[in-house]
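Undergrad: Pasting a structure here, questions to come.
Just so you know, all these numbers are worked out from the coordinates, no wet-lab data involved. What you see is a predicted model, and the numbers here were worked out from it, not measured in a lab. Ideal geometry is used to build each Cβ from the backbone, glycine not excepted, and the neighbour counts take in all protein chains shown.
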Amino acid sequence: MPVHSSTIICSTEGFIDVHDLTSDVRKIISESHVANGTVIVFVPGSTAGITTIEFERGAIEDLKKAIERIAPQDIHYAHNVHWNDGNGFAHVRAALLGPSLAIPLKDGNLRLGTWQQIVLIDFDNRPRSREIHVQIIGE
């Protein structure tokens with residue numbers, strides 16, 4: 001079973017910075033020549049995550065507000081006391097979201113819903129250069 005791996009580089013600003021990766025993933029699929037299987041999208045690190053959402057201004061704003069309610073930036077985090085880096089909130093947010101996503105691939109097409117895009121969300125408290133690993137397994 002063929003496996004194709006590639007990497008997307010994404011510059012982020014942190015603080016719930018959301019980036020649509022869908023077109024980049026589709027380009028990698030096209031280059032892979034894999035038609036049917038599974039696409040895995042993974043971000044290393046403990047302050048960013050991968051999910052899907054309708055990538056439009058209103059939905060992104062709603063998501064940002066929900067994340068702030070679930071894991072507020074301005075509360076006490078033991079991580080900050082231990083490391084003094086101020087990004088305890090980012091670690092919690094990333095852990096809740098998760099670092100990866102698996103999407104079925106059929107006839108060379110991602111089996112996403114009509115309004116569903118693949119997004120990277122960087123929660124850290126500073127700009128970063130993120131490597132997103134895409135692995136396609138199939139035939």
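Undergrad: Out of region 47-114, which GluC sites (Glu not before Pro) are coil in DSSP terms and have no more than 15 other C-beta atoms within 10 Å?
TA: Within region 47-114, the qualifying GluC sites (Glu not before Pro) (loop, at most 15 other Cβ atoms within 10 Å) are GLU54, GLU56.
Undergrad: Compute the angle between helix 88-97 and the longest alpha-carbon principal axis of the chain, please, reported from 0 to 90 degrees and rounded to the nearest 10.
TA: It works out to around 30 degrees.
Undergrad: Could you give the angle, 0 to 90 degrees to the nearest 10, between helix 22-32's Cα long axis and the longest principal axis of the Cα atoms of the chain?
TA: Helix 22-32 sits roughly 40 degrees off the main axis of the chain.
Undergrad: Let me ask another. Kindly put ILE103, ILE75 in sequence by how many other C-beta atoms sit within 10 Å of each C-beta, fewest to most.
TA: ILE75, ILE103
Undergrad: A further question on this structure: List the relative contact order of the chain as a percent without decimals, with contacts defined as Cα pairs under 8 Å and 6+ residues apart.
TA: Dividing the mean separation by the residue count of the chain yields 55 percent.
Undergrad: Over its Cα atoms, what ratio of radius of gyration to 2.2 N^0.38 Å does region 1-103 give?
TA: 1.25
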